[in-house]
Amino acid sequence: MALLAALALPLHAPAAQVARAPVTLDVRIDGPLYRTQLGDDACTARCATLRGALSDSVRAAFERSFGFLEWRPTAAPDTLVVAWVNSEAQTGKLALSLRGKHARRGTRTTHVPFESFNAIATRPAADWQSVPRLSAAWSAQLRTILARPSETQGILTNLLWQIPLAERGGVSLGEAPDVVVGVGPRALRADPARNPVFVVRMHVVDPATGPIASARQDTTEMSLAGCSRSGGGATYRCRMDQLVYPERTPPDTVRGAAELRTLARRAKQQPVTLHLWTYFPVDPADDAPLHRPRE
């Protein structure tokens, strides 16, 4: 059934400039076993040098897998912390956390398996003593991990979705059979043959809760699914899947064409930010960093 609203995102600058929010990386080696193997428990010598050597390759790996963000080598409003840690069983893990402007309170660290204890214990001493050799091995393993859709989707939905594509995208919501998002796969460096899922955070004032001047205002999250390319590939055409009120106790969800249509007709909406919930990069297995597409 056709759904309710047209969501237009009139961008005031080229899409590739507006859509890609800046983010930087903080590469850390916090695992005590890793530091011991490096002979640098305080991470001030060989361990610190390894952190620096990893920075560019880690940034390139995340750029390939999450090209909708602008991965900067310098300071940005948001930082993704990528830390090599050890579990209680001494396995190697990546501990990923987001800090900065858009990190939500209560967001948990995401742990991704990196290597077994046996792999750590049997790595030749010469590898631990060679920063270039170890950096190359860890970078290759990271690329292998990020080539797995299950891992990248978990990183996205746990952490990176919180960073909006556009702070103020000029979003307007009006009644129509479908939803149009004013960025396309080229701006997001996305696979044009696969369909993303978006989330729009917006304020909703519903007169069903009282006179409009005093009615309750809620911050909602609107899920846009079934997206496909439109406008010659410059936009996506989607359908509204559901509307969630995450701040209500308990959280409330509106689903179904009739309920969504009724809410869109009666309520005053003010879209705030646009986010990606599901994303497919152009080529996650490509060893070369992606470059900004020509518009």
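Here are the numbers for this structure:
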quantity: Helices (runs of 4 or more DSSP H) wholly inside segment 1-111 containing at least 2 residues that are under 15 Å from the mean Cα position of the chain (by Cα) and either at pLDDT 95 or above or of a type in the set (Phe, Trp, Tyr) (or both); calculated: 46-65
quantity: Subset of segment 146-158 that is touching a residue at least 40 places away in the same chain (Cβ under 8 Å) and either of a type in the set (Gly, Ala, Ser) or under 23 Å from Thr49 (Cα atoms) (or both) - its residue that is least open to solvent (accessible area, probe 1.4 Å); calculated: Gly154
quantity: Some residue of segment 128-140 being within 18 Å of Leu25 (Cβ to Cβ), under 25 Å from the mean Cα position of the chain (by Cα), free of Cβ contacts under 8 Å to residues at least 60 places away in the same chain and surrounded by 14 or more Cβ atoms within 10 Å (Cβ to Cβ); calculated: no
quantity: Residues of segment 127-151 satisfying the condition of being at pLDDT below 95 and either over 18 Å from Ala60 (Cα atoms) or in contact with a Leu (Cβ under 7 Å, 6 or more places away or on another chain) (or both); calculated: Ser150
quantity: Residues being surrounded by fewer than 21 Cβ atoms within 10 Å (Cβ to Cβ), without any contact (Cβ under 8 Å) to a residue 60 or more places away in the chain and more than 18 Å from Ile163 (Cα to Cα) - total across segment 30-75; calculated: 14
quantity: Pairs with Cβ under 8 Å, 6+ apart, first in segment 191-210 and at pLDDT 75 or above, second among the small types (Gly, Ala, Ser); calculated: Pro192/Gly233; Asn195/Gly226; Asn195/Ser228; Pro196/Ala190; Val197/Ser223; Val197/Ala225; Phe198/Ser223; Val199/Ser223
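The values are calculated or read from the model by the stated rules, or taken from the named source; none is laboratory data. Since this is a predicted model, take the numbers as computed values, not measurements. Positions of Cβ are backbone-derived with ideal geometry, glycine not excepted, and every protein chain shown enters the neighbour counts. Please note that ligands, DNA and RNA were not included when accessible areas were found on the heavy atoms of the full protein model with its side chains. Shrake-Rupley method; radii C 1.70, N 1.55, O 1.52, S 1.80 Å.
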